[in-house]
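The values are calculated or read from the model by the stated rules, or taken from the named source; none is laboratory data. Computed from a predicted model, the values in this text were never measured in an experiment. All Cβ positions, glycine included, derive from the backbone under ideal geometry; neighbour counts span all protein chains shown.
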Amino acid sequence: MPARRRRYLVIGLAGSLLCSALPAVAWDDAGQRQSAQPRPATFWSALRLTERHSADAWDTLRRGFALSHETDNPRVAHWLEWYREHPHHVELIAEQARPWLHWVTQRLTANHLPTEIALLPFIESGYDPTATNPGGATGLWQFMPATGDAMGLSRTAWYDGRRDVVAATDAAMRYLRQLADRWYGGDLLLALAAYNAGAGTVNAARDAAANRGEPIDYWHLRLPNETMNYIPRLLALAEVIDKPQTAMSRCRRSPTARRSSR
C-alpha cells in the first residue's frame, strides 16, 4: 500500500475511534445544540477509572508538626491576637500557597524536619516565588545572593536558582540543617533565628547573654526586632492552623490583659 494511502487510512481510523467515543449531537439551522443522543456503549464509555483522592494538604501539614508552639509566651500570644484580628491575611496567603504547600510539606517530611517550616514562606514571601526584597533577597525562601551562592543556587542572566521553587526548597532545608548542626546542637529555633538574622548576629547575642549570666536559648536573646518577632509569628501561625478554634478563643481577652502581655 502506498505511504500516502496508509497515512490517510490511519487518520481515518483515528477519526472514527474519536467519533465513536463522543455522543451524537443534533444542531438546528442557527447552529444551536438541540440534544445529545446517547450512543451504544463503546470501549471508552465502558472504561471505569478509579479516582484516587489525595490527602488534604492541611491535614498532612498538621500531622508533621513537631515544634512546641509556646502559646503561653507573651510574644506568641501577641501574634495569635494579630492573626485573630486579621483572618483574611491567612486566607489570602493560603490561596497563594496552594500550588506548593503540599509538595513542600512532603519534602520536609522526607527530610525529617518539622512541617511548621512549610509555613516559613508565609512570612518570608507570601508564598510568591517571584517575591523580591529591596535588600536583595528573592524567591519563595528569600535567599540573599551570597547565601544562595553558598547553597549552590546558580544565577545567570536567564536563571536565578533562588526563584526555582524545587532547587530553593532543597537549599533551604540544607541550610537550616547546616545551621542547626554546626552552631546550635540541632536547636531549630536558633537555626531559624540565624536563617533570618544571620549566624553571626545570633552567635553574638548568645555570647552577650552568657556574659550577663542569662540562658542562651532563643527566648532569652536580644536580637533585632524582626528576628524577635520572626519565630513567635511562625509558631502562632502554626497554632492557628493546628487548632483554629482553640487558638482564636485563647486570644479573646480584655484589652488591658493584651497590653500587659506585650
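In region 232-242 there is no residue that is part of a helix (DSSP H, G or I) and without any contact (Cβ under 8 Å) to a residue 60 or more places away in the chain.
Of the residues screened, Pro99 is not one that is surrounded by fewer than 22 Cβ atoms within 10 Å (Cβ to Cβ), over 17 Å from Ala57 (Cβ atoms) and modelled with pLDDT under 95.
Screening region 163-181 for residues that are of a type in the set (A, V, I, L, M) and within 18 Å of Gly136 (Cα to Cα) and picking the one that is farthest from the chain's Cα centre (by Cα) gives Ala171. Restricting attention to region 197-213, does a residue exist that is among the charged types (D, E, K, R) and outside any helix (DSSP H, G or I)? Taking every residue of region 197-213 in turn, at least one turns out to be among the charged types (D, E, K, R) and outside any helix (DSSP H, G or I).
The single condition among (1) within 18 Å of Glu70 (Cβ to Cβ); (2) modelled with pLDDT of 95 or more; (3) of a type in the set (D, E, K, R) that Arg262 does not satisfy is (2).
Checked against the criteria, Val76 does not count as on the phi < 0 side of the Ramachandran plot, in contact with a strand residue (DSSP E or B) (Cβ under 9 Å, 6 or more places away or on another chain) and either surrounded by fewer than 11 Cβ atoms within 10 Å (Cβ to Cβ) or modelled with pLDDT of 95 or more (or both). Within region 156-208, restricting attention to residues that are among the polar types (S, T, N, Q) and farther than 22 Å from Ala238 by Cβ, the residue that is surrounded by the fewest Cβ atoms within 10 Å (Cβ to Cβ) is Thr156. Note on region 72-173: enclosed helices (runs of 4 or more DSSP H) holding 2 or more residues that are of a type outside the set (Gly, Ala, Ser) and within 30 Å of Gln245 (Cα to Cα) are 74-85, 87-97, 101-110, 120-124.
Regarding region 119-134, can at least one residue be identified that is on the phi > 0 side of the Ramachandran plot, crowded, with 17+ Cβ neighbours inside 10 Å and in contact with a Ser or Thr (Cβ under 7 Å, 6 or more places away or on another chain)? The answer is no; no qualifying residue exists.
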